[in-house]
Amino acid sequence: MRPANIIRSWLCSGPLCALVVAVSGAVARADAQMELHLVLAFDVSASVNDDEFDLQRSGTADALRAPPVVAAIDQAPGGVAIAIIQWSSVTRQALGLDWVALHSDKDVLKYADTVDAMPRRLPGGGTMIHSGLAYAGRLLDAAPGYARRQVIDLSGNGRSDNLDLMLEARDRLVSRGVVINALAVEELNNDLTSYFNRHLIGGPNAFVVTADEFEDFTTAMKIKLLREISGAMFSERPVLQGDPVVALR
């Protein structure tokens, strides 16, 4: 049995994280009906085979079933709405699952079963992260009601094929109050965590969680969902050997 992989978490830093959402903005309304609108963006590019897609899908479903995640959603003021997209090339984005509002443990467990049954809708393609971000942004525009926070949670195992366009897409979303977090799968050994930390994430308390490979997706997604749903930052503390979370940046 191989040693437990480390799931690393990085906080966003720099000017993008200092942006303040105006009180009249879409995600900061005083009359917010929900705590969170969350888009999960799955990488389905050519570097992700069907088995790895299955691990993304089942890992997300299992993370949703985790008792701490179920409790966090159950306790979220007004509930949480989640949608899933699949992304790859410029013209290859698809809606995996449309918006579903979750208010109770029964809602969450039923939704986890729906996620488990979600098919892969796109057969490979490039790694055009900016197109995935833009698609997720349009989906947020169609989210049900208002929410206190809007978050895009993008997972992937490779760098963007066009960095400049990704930076532009990120900046547009952050400027309107959207937080972009990332889950980096490091199986290709391309230092994706640092790349996402520098170039992809943005907004207040944005962060990257790292899985060493797709087999670690469940643990990484559980960490991400807990932070995104609660809106909380991990407290700074010494890292213990075998700890699934390492120090914040």
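The values are calculated or read from the model by the stated rules, or taken from the named source; none is laboratory data. This structure is a prediction, so every number in the text was calculated from the model and none was measured. Because the Cβ atoms are built from the backbone with ideal geometry, glycine has one as well, and the counts that use them run over all protein chains shown.
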Residue count for segment 108-128, restricted to those that are under 19 Å from residue 55 (Cβ atoms), touching a helix residue (DSSP H, G or I) at 6+ places or on another chain (Cβ under 7 Å) and aliphatic (A, V, I, L, M): 3
Filter result (more than 30 Å from residue 171 (Cα to Cα) and either in a helix (DSSP H, G or I) or basic (Lys, Arg) (or both)) within segment 101-141: 105, 106, 107, 108, 109, 110, 111, 112, 113, 114, 116
Out of 228, 186, sole residue that is over 21 Å from residue 139 (Cα atoms) and of a type in the set (D, E, K, R): 186
Per-region count, segment 53-86, residues of a type outside the set (A, V, I, L, M), assigned to a helix (DSSP H, G or I) and out of contact with any Leu (no Cβ under 7 Å at 6 or more places or on another chain): 10
Single residue of 198, 159, 138 found to be without any contact (Cβ under 8 Å) to a residue 12 or more places away in the chain, under 17 Å from residue 88 (Cβ atoms) and surrounded by fewer than 24 Cβ atoms within 10 Å (Cβ to Cβ): 138
Single residue of segment 35-53 satisfying the filter (in contact with a Gly (Cβ under 7 Å, 6 or more places away or on another chain) and of a type in the set (D, E, K, R)) that is farthest from residue 72 (Cα to Cα): 43
Unique residue being touching a Gly at 6+ places or on another chain (Cβ under 6 Å) and not in a loop (DSSP other than H, G, I, E, B) when the list is 170, 148: 170
Residues satisfying the stated conditions in segment 201-226, i.e. in contact with a Ser or Thr (Cβ under 8 Å, 6 or more places away or on another chain) and either closer than 17 Å to residue 48 by Cβ or free of Cβ contacts under 8 Å to residues at least 60 places away in the same chain (or both): 210, 211, 217, 218, 220, 221
Residue in segment 163-185 that is over 23 Å from residue 83 (Cα atoms) and β-branched (Val, Ile, Thr) present: no
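Matching residues to (1) at pLDDT below 95; (2) of a type in the set (Val, Ile, Thr); (3) surrounded by 19 or more Cβ atoms within 10 Å (Cβ to Cβ); (4) more than 19 Å from residue 223 (Cβ to Cβ):
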| position | (1), (2), (3), (4) |
| --- | --- |
| 56 | yes, no, yes, no |
| 60 | no, yes, yes, no |
| 64 | no, no, yes, no |
| 67 | no, no, no, no |
| 70 | no, yes, yes, no |
| 77 | yes, no, no, yes |
| 85 | no, yes, yes, yes |
| 90 | yes, yes, no, yes |
| 93 | yes, no, yes, yes |
Residue 118 vs. criteria more than 16 Å from the chain's Cα centre (by Cα), crowded, with 23+ Cβ neighbours inside 10 Å and among the aliphatic types (A, V, I, L, M): no
Exclusive hit being assigned to a loop (DSSP other than H, G, I, E, B), farther than 14 Å from residue 41 by Cα and at pLDDT 95 or above, set 177, 242: 177
Any hit, segment 154-168, residues being in contact with a strand residue (DSSP E or B) (Cβ under 8 Å, 6 or more places away or on another chain) and within 12 Å of residue 36 (Cβ to Cβ): no
